[in-house]
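The values are calculated or read from the model by the stated rules, or taken from the named source; none is laboratory data. Computed from a prediction, not measured in an experiment: that's the story for all the values here. Neighbour counts are summed over all protein chains in view; Cβ atoms, including those assigned to glycine, are modelled from backbone coordinates with ideal geometry. Surface areas here come from the heavy atoms of the whole protein model, side chains and all, with no ligands, DNA or RNA. Shrake-Rupley method; radii C 1.70, N 1.55, O 1.52, S 1.80 Å.
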Amino acid sequence: MEKNKKLKSWGEMIKFNHRAFQIFYKRYPQMVLSRFISVIWTSLTPYAGIYLSALVIEELAGSRNIERLRFLVLLTLCAAALIAFCSAFLNKWKATQNAGLLFKVEHIFSEKLLDMDYVNLDETETAELLSTIRQNQNGGGWGLYRVIENYEDLCSSVLTLLGGFFLTVSLFTSRVPESAGAYTVINNPLFVILVIIIMFLITYIAPALSNKAGSYWALNADSHNLGNRLFSFFGWLGYHKDIATDVRMYRQDKMCERHNRDKEDTFGSNGMFAHLSLGPIGYYSAASSAVSVIFTGVAYTFVCLKAWAGAFGLGAVTQYIASITKVSGGASSLISTLGDMRNNASFIAQVFEFLDIPNNMYQGSLTVEKRRDRKYEVEFRNVSFKYPGSDTYALHNVNMKFEIGKRLAVVGRNGSGKTTFIKLLCRLYDPTEGEILLNGIDIRKYNYAEYMMIFSVVFQDFKLFALKLGENVAAKVDFDSDLVVDALRKAGFAEKLSAMQSGIETYLYKDYDKEGVNISGGEAQKIAIARALYKDAPFMILDEPTAALDPVAEAEIYSKFNDIVGDRTAIYISHRLSSCKFCDEIAVFHEGEVIQQGTHASLVADESGEYYELWHAQAQYYTE
């Protein structure tokens with residue numbers, strides 16, 4: 001995407017990273033605290049060992065007092081044991097709180113998806129944006145996933161700097177004795193300042209070069225994502241059992257070789273990232289490593305010169321070498337982390353573009369009356385609808401009233417507006433023109449969640465989870481077993497249920513339980529119908545409910561149609577017009593309009609009508 005082509009400013013970097021950090025802290029405070037307390041402990045405790053080791057070496061090189069040496073060694077061992085114990089405790093706490101960090105990030109996205117207006121969820125742009133975010137995260141580790149780690153590194157860098165500075169400051173203030181002759185030049189403030197400047201420049205340049213190398217990955221994230229997407233498809237095609245038969249019958253694996261063996265592919269040996277790695281990425285990375293080694297040489301030279309000139313003893317050499325290296329490492333890490341946070345800012349911006357998608361659908365405030373008699377009347381009054389970004393009406397001037405307790409069949413050719421009609425009825429979309437009324441009141445005025453509770457829907461593209469059968473039917477963990485069994489029986493699943501050893505406790509599929517049961521498409525459709533029955537809503541909508549059933553199972557559903565629907569108002573969408581005979585009324589859709597409405601007998605008698613043409617096109621399949 002174009003937004004990845006330019007790095008964010010430092011101000012934007014701070015704003016985006018701070019907001020992302022707040023998201024984690026508000027949702028998972030224990031996780032954040034465990035990481036930061038652990039990093040504070042890990043960053044500062046090494047200096048205790050450095051300081052105590054320096055004292056031991058100083059004593060060995062000096063007076064060699066046995067009692068003092070015994071005390072210092074014992075103190076060092078006790079400190080090491082205490083640090084190790086506390087570190088183990090903190091690491092366990094941190095590991096516990098941070099388990100499943102990737103799933104915590106996914107939970108943030110899932111909550112947004114569930115809270116989002118369906119109109120936004122159904123848009124291609126939303127799906128593409130979320131897909132890009134996930135590819136950035138899975139491919140390069142960019143986005144929210146990197147934020148908490150960057151803040152942890154930032155904290156570690158600052159604390160390492162402070163601790164190292166505390167043990168290093170005396171390196172620059174200690175003086176070489178006047179008897180050292182020419183070495184007294186080291187005492188000159190200008191010399192000390194020059195050394196500090198050289199060290200600072202080296203410390204800055206090394207991570208800056210590393211950040212420059214990393215920026216090539218960030219700026220070319222689109223190519224990286226495309227390469228990952230192609231590899232995820234072509235590289236794993238043989239693992240998808242749902243297409244395994246086609247792959248083998250038509251040797252579609254041969255199509256994959258063109259991508260999997262392409263050396264000029266994104267990650268191929270002659271691809272873009274290979275050239276970048278041999279070119280600028282490699283040069284900057286190598287230069288960064290070389291500069292880091294130069295700092296070590298400068299630090300050792302300066303410390304050894306002062307020790308040789310008599311400014312301090314052997315123990316102090318150990319302390320200063322270790323601490324100044326820590327200071328350099330902390331400074332390098334700080335600069336590197338800030339650069340990485342800036343590289344990541346453009347990816348966080350994409351995350352917020354997704355999280356900030358507004359909900360424009362009015363939620364309503366009126367309470368939907370809970371009626372035991374199910375007396376809910378719905379009316380479409382001059383309803384027209386255009387999908388976002390389209391100039392064509394998907395529905396136009398639809399007027400219809402649902403009679404309470406009746407069965408309405410909705411038929412029509414593909415693209416005639418049947419699915420759009422159902423989406424408007426369930427208020428997944430709001431009409432572009434006109435209004436839909438529930439008991440005489442515009443449905444937009446009702447509480448959105450309560451309004452949706454009066455509908456049970458079996459969509460044509462329904463999904464079941466690899467969970468227990470009872471949980472799939474009830475759509476919840478805690479359910480009424482008797483009601484689940486009754487719903488399955490009414491849906492025609494009784495015979496299959498009796499063959500399951502664990503009954504409604506049986507897992508569907510084998511994703512999470514090796515004893516799970518694989519079910520056919522028709523069996524899955526019966527479970528979906530049972531799920532709609534369990535909800536026990538006054539309106540029941542069946543979208544092609546027998547599409548995956550064999551003729552016997554289909555006949556069973558038809559014979560039990562009244563038992564299944566009960567006293568509910570039912571809407572039945574089907575391409576099989578033979579099923580329409582079971583309904584009280586039929587609405588025929590064509591190019592977004594209701595062009596006919598009546599009983600099966602009246603519509604089939606109209607030889608000039610659309611229903612007559614559709615009926616006789618299928619008549620050979622269900623007439624002798």
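Is it the case, given these coordinates, that residue 382 is of a type outside the set (Lys, Arg) and out of contact with any strand residue (DSSP E or B) (no Cβ under 9 Å at 6 or more places or on another chain)?
Values: of a type outside the set (Lys, Arg): yes; out of contact with any strand residue (DSSP E or B) (no Cβ under 9 Å at 6 or more places or on another chain): no.
The answer is no for residue 382.
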Condition met for residue 37 (assigned to a helix (DSSP H, G or I) and out of contact with any Ser or Thr (no Cβ under 8 Å at 6 or more places or on another chain)): yes
Say we look at region 56-74 and pick out the residues that are within 15 Å of residue 313 (Cβ to Cβ) and among the acidic types (Asp, Glu); which of these is most open to solvent (accessible area, probe 1.4 Å)? 58
Among the residues of region 61-83, is any in a helix (DSSP H, G or I), in contact (Cβ under 8 Å) with a residue 60 or more places away in the chain and among the small types (Gly, Ala, Ser)? yes
Checking 501, 525 in turn, the sole residue that is closer than 24 Å to residue 423 by Cβ and out of contact with any Phe, Trp or Tyr (no Cβ under 7 Å at 6 or more places or on another chain) turns out to be 525
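Being of a type outside the set (Ser, Thr, Tyr) and either closer than 30 Å to residue 165 by Cα or surrounded by 15 or more Cβ atoms within 10 Å (Cβ to Cβ) (or both) narrows it down to one residue among 52, 114, 102; which is it? Spell out how you get there, then give the answer.
Details: 114 fails: either closer than 30 Å to residue 165 by Cα or surrounded by 15 or more Cβ atoms within 10 Å (Cβ to Cβ) (or both); 102 fails: either closer than 30 Å to residue 165 by Cα or surrounded by 15 or more Cβ atoms within 10 Å (Cβ to Cβ) (or both).
It is 52.
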Across region 433-446, the tally of residues that are more than 18 Å from residue 374 (Cα to Cα) and either free of Cβ contacts under 8 Å to residues at least 12 places away in the same chain or surrounded by fewer than 17 Cβ atoms within 10 Å (Cβ to Cβ) (or both) stands at 4
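Please find, among 185, 158, 147, the residue that is over 21 Å from residue 301 (Cα atoms), among the β-branched types (Val, Ile, Thr), in contact with a helix residue (DSSP H, G or I) (Cβ under 8 Å, 6 or more places away or on another chain) and open to solvent by 20 Å² or more (accessible area, probe 1.4 Å). Outline the logic, then answer.
On the way: 185 fails: over 21 Å from residue 301 (Cα atoms); 147 fails: open to solvent by 20 Å² or more (accessible area, probe 1.4 Å).
Of the residues listed, the single one that is over 21 Å from residue 301 (Cα atoms), among the β-branched types (Val, Ile, Thr), in contact with a helix residue (DSSP H, G or I) (Cβ under 8 Å, 6 or more places away or on another chain) and open to solvent by 20 Å² or more (accessible area, probe 1.4 Å) is 158.
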For residues in region 227-253 being among the basic types (Lys, Arg) and modelled with pLDDT of 75 or more, which is least open to solvent (accessible area, probe 1.4 Å)? 251
How about region 161-182: which of its residues are surrounded by 13 or more Cβ atoms within 10 Å (Cβ to Cβ) and farther than 30 Å from residue 335 by Cα? 175, 176, 180
Within region 296-310, track down each residue that is in contact (Cβ under 8 Å) with a residue 12 or more places away in the chain, in a helix (DSSP H, G or I) and aliphatic (A, V, I, L, M). 298, 299, 303, 305
Taking region 577-596, which residues are under 24 Å from residue 566 (Cβ atoms) and part of a strand (DSSP E or B)? 585, 586, 587
As an exercise: evaluate residue 504 against (1) more than 26 Å from residue 370 (Cα to Cα); (2) modelled with pLDDT under 85 and give the number of the one condition it does not meet. (2)
Unmet criterion (only one of (1) hydrophobic (A, V, I, L, M, F, W, C); (2) part of a helix (DSSP H, G or I); (3) closer than 27 Å to residue 40 by Cα) for residue 198: (3)
Selection status of residue 485, of a type in the set (Val, Ile, Thr) and under 15 Å from residue 537 (Cα atoms): no
Pairs, first among the charged types (D, E, K, R) in region 383-404, second outside any loop (DSSP other than H, G, I, E, B) and open to solvent by 70 Å² or more (accessible area, probe 1.4 Å), C-beta under 8 Å, six or more apart: 386/393
Within region 25-33, is even one residue modelled with pLDDT of 90 or more, β-branched (Val, Ile, Thr) and either assigned to a helix (DSSP H, G or I) or open to solvent by 80 Å² or more (accessible area, probe 1.4 Å) (or both)? yes
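Suppose we filter 495, 450 for residues that are in contact (Cβ under 8 Å) with a residue 12 or more places away in the chain, open to solvent by 50 Å² or more (accessible area, probe 1.4 Å), of a type outside the set (A, V, I, L, M) and not in a loop (DSSP other than H, G, I, E, B); which single one remains?
Numbers: 495 fails: in contact (Cβ under 8 Å) with a residue 12 or more places away in the chain.
Testing whether each residue is in contact (Cβ under 8 Å) with a residue 12 or more places away in the chain, open to solvent by 50 Å² or more (accessible area, probe 1.4 Å), of a type outside the set (A, V, I, L, M) and not in a loop (DSSP other than H, G, I, E, B) leaves just 450.
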I'd like the residue in region 335-385 that is polar (S, T, N, Q) and touching a helix residue (DSSP H, G or I) at 6+ places or on another chain (Cβ under 6 Å) and, out of all such residues, is nearest to residue 448 (Cα to Cα). 363
Lone unmet requirement of (1) surrounded by fewer than 18 Cβ atoms within 10 Å (Cβ to Cβ); (2) modelled with pLDDT of 90 or more for residue 404: (2)
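Take residue 531 and tell me if it is surrounded by fewer than 18 Cβ atoms within 10 Å (Cβ to Cβ) and not in a loop (DSSP other than H, G, I, E, B). Can you show your working first?
Numbers: surrounded by fewer than 18 Cβ atoms within 10 Å (Cβ to Cβ): no; not in a loop (DSSP other than H, G, I, E, B): yes.
Answer is no for this residue.
Restricting attention to region 425-433, does a residue exist that is in a helix (DSSP H, G or I), at pLDDT 90 or above and over 18 Å from residue 527 (Cβ atoms)? Give the steps one after another, and end with the answer.
Let us first name the residues in region 425-433 that are in a helix (DSSP H, G or I), namely 425.
Cutting the leftovers down to at pLDDT 90 or above gives us 425.
Filter again for over 18 Å from residue 527 (Cβ atoms), leaving 425.
Looking through region 425-433, at least one residue is in a helix (DSSP H, G or I), at pLDDT 90 or above and over 18 Å from residue 527 (Cβ atoms).
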Single residue of region 423-461 satisfying the filter (of a type in the set (A, V, I, L, M) and closer than 19 Å to residue 475 by Cβ) that is farthest from the chain's Cα centre (by Cα): 454
So which residues in region 311-362 are open to solvent by 50 Å² or more (accessible area, probe 1.4 Å), over 30 Å from residue 21 (Cα atoms) and in a loop (DSSP other than H, G, I, E, B)? 362
Quick check on my filter: what residues within region 453-478 are hydrophobic (A, V, I, L, M, F, W, C) and open to solvent by less than 50 Å² (accessible area, probe 1.4 Å)? 454, 455, 457, 458, 462, 464, 466, 469, 473, 474
Could you check region 224-270 and list, in sequence order, the residues that are free of Cβ contacts under 8 Å to residues at least 12 places away in the same chain, under 27 Å from residue 140 (Cβ atoms) and not in a helix (DSSP H, G or I)? 236, 240, 261, 262, 263, 264, 268, 269, 270
Residue that is farthest from residue 451 (Cα to Cα) [pool: residues in region 504-528 that are of a type outside the set (Ser, Thr, Tyr), in contact with a Gly (Cβ under 8 Å, 6 or more places away or on another chain) and open to solvent by 50 Å² or more (accessible area, probe 1.4 Å)]: 510
